Amino acid sequence: EAQVTQNPRYLITVTGKKLTVTCSQNMNHEYMSWYRQDPGLGLRQIYYSMNVEVTDKGDVPEGYKVSRKEKRNFPLILESPSPNQTSLYFCASSVYSKETQYFGPGTRLLVL
Amino acid sequence: AQKVTQAQTEISVVEKEDVTLDCVYETRDTTYYLFWYKQPPSGELVFLIRRNSFDEQNEISGRYSWNFQKSTSSFNFTITASQVVDSAVYFCALSEAENSGNTPLVFGKGTRLSVIA
């Protein structure tokens, strides 16, 4: 089944404790992206990757890192999480950036 | 700058009623894509439709239909004979297509639809 998977689905952590949210797609898509969803603000792009080893900042990149060492994986790294990073995170992928983006199931993160 | 406005924050309808969700967009590009996504209570984002700016034909898929009007910069979504399972937050989104680089989805704030049995 063609899909985007994210892990973990739910995470509670404390300020400053490094964490990684994994994202994997099995559709051989070139383009991958991370969004965060916050009440009243909608969904905003954090980082994106046009292809392997090519990543760049989206609209709200502060406090996040990403890597794209393989086409299928695009992990989101929070080196020192803070409470304002409490959010619902979505990974998405598409054949290339202008095509339909398909989303993972989301990761709910709470930073205490 | 690109922008998507969904003026209806919440809508409640009784089952079997028809309901239209409004979406108005702004863009300077002549080539762009419009999307609708559904977010059910379980939280995932489900793709419903993609429409490019050169195709103004209305689309129908079962009980769902979409009306794209460039003259009013609108891409409205109608659910006919609504069902309880249609209860969700619906997002309209825009992606500009004239540059060769990143084209992130710009989302509206969403419309929460509640269908009451």
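The values are calculated or read from the model by the stated rules, or taken from the named source; none is laboratory data. Bear in mind the structure is a predicted one, so any value in this text is a computation, not a measurement. In this analysis, Cβ positions are derived from the backbone assuming ideal geometry, glycine residues included, and neighbour counts consider all displayed protein chains. Ligands, DNA and RNA are excluded from the accessible area calculation, which covers all protein heavy atoms including side chains. Shrake-Rupley method; radii C 1.70, N 1.55, O 1.52, S 1.80 Å.
I need a count of the residues in the stretch A:1-59 that are over 24 Å from residue A:110 (Cα atoms), open to solvent by less than 20 Å² (accessible area, probe 1.4 Å) and within 13 Å of chain B (Cβ to nearest Cβ). Steps first, answer last, please.
Of the stretch A:1-59, the ones over 24 Å from residue A:110 (Cα atoms) are A:1-3, A:25-31, A:49-56.
Keeping just the survivors that are open to solvent by less than 20 Å² (accessible area, probe 1.4 Å) gives A:25, A:29, A:31, A:49.
Filter once more, so that each one left must be within 13 Å of chain B (Cβ to nearest Cβ): A:31, A:49.
So the answer is 2.
Report yes if residue B:98 is more than 18 Å from residue A:42 (Cβ to Cβ) and among the acidic types (Asp, Glu), otherwise no.
Details: more than 18 Å from residue A:42 (Cβ to Cβ): yes; among the acidic types (Asp, Glu): yes.
Criteria met by residue B:98.
Could you check residue A:99 against (1) of a type in the set (Asp, Glu); (2) away from every other protein chain (no Cβ under 12 Å); (3) touching a His at 6+ places or on another chain (Cβ under 9 Å) and say which number it fails?
(2)
Select the strands (runs of 3 or more DSSP E) contained entirely in chain A, then report the ones holding at least 2 residues which are over 10 Å from the mean Cα position of the chain (by Cα), farther than 17 Å from residue B:107 by Cβ and charged (D, E, K, R). Give the derivation first.
Values: elements: A:4-7, A:10-13, A:19-25, A:31-38, A:42-51, A:54-57, A:76-78, A:87-94, A:107-111.
By residue number, A:54-57.
For the stretch B:1-53: of the residues being part of a strand (DSSP E or B) and over 16 Å from the mean Cα position of the chain (by Cα), which is surrounded by the fewest Cβ atoms within 10 Å (Cβ to Cβ)? Outline the logic, then answer.
Just the residues of the stretch B:1-53 that are part of a strand (DSSP E or B), to begin with: B:3-5, B:10-14, B:19-21, B:24-26, B:32-39, B:46-52.
Checking the rest, the ones that are also over 16 Å from the mean Cα position of the chain (by Cα) come to B:12-14.
On the way: B:12: 12, B:13: 16, B:14: 10.
Checking each candidate, the answer is B:14.
Does residue A:75 satisfy being in contact (Cβ under 8 Å) with a residue 24 or more places away in the chain and more than 14 Å from chain B (Cβ to nearest Cβ)? Quick ask: steps written out before the conclusion?
On the way: in contact (Cβ under 8 Å) with a residue 24 or more places away in the chain: yes; more than 14 Å from chain B (Cβ to nearest Cβ): yes.
Judged against the criteria, residue A:75 is a match.
If the requirement is being over 27 Å from residue A:87 (Cα atoms) and among the aliphatic types (A, V, I, L, M), which of these qualifies: B:84, B:89? If you could, list the steps in order and put the result at the bottom.
On the way: B:89 fails: over 27 Å from residue A:87 (Cα atoms).
That would be B:84, the only listed residue that is over 27 Å from residue A:87 (Cα atoms) and among the aliphatic types (A, V, I, L, M).
Could you give me the residue pairs with C-beta distances under 9 Å whose first residue belongs to the stretch A:12-25 and is without any contact (Cβ under 8 Å) to a residue 60 or more places away in the chain, whose second residue is among the aromatic types (Phe, Trp, Tyr) and buried (at least 16 other Cβ atoms within 10 Å of the Cβ) wherever it lies, and which are 6+ apart or on separate chains?
Listed pairs, sorted by first residue: A:22/A:74; A:24/A:74.
Mind checking whether some residue in the stretch B:66-77 is open to solvent by 30 Å² or more (accessible area, probe 1.4 Å), outside any helix (DSSP H, G or I) and over 16 Å from residue B:4 (Cα atoms)?
Of all residues in the stretch B:66-77, those open to solvent by 30 Å² or more (accessible area, probe 1.4 Å) come to B:67, B:69-73, B:76.
So of that shortlist, the ones also outside any helix (DSSP H, G or I) come out as B:67, B:69, B:73, B:76.
Then keep just the ones that are over 16 Å from residue B:4 (Cα atoms); that gives none.
No, the stretch B:66-77 contains no residue that is open to solvent by 30 Å² or more (accessible area, probe 1.4 Å), outside any helix (DSSP H, G or I) and over 16 Å from residue B:4 (Cα atoms).
Check residue A:54 against each of (1) over 29 Å from residue B:99 (Cα atoms); (2) without any contact (Cβ under 8 Å) to a residue 60 or more places away in the chain and name the one condition it does not meet.
Among (1) over 29 Å from residue B:99 (Cα atoms); (2) without any contact (Cβ under 8 Å) to a residue 60 or more places away in the chain, the lone unmet condition for residue A:54 is (1).
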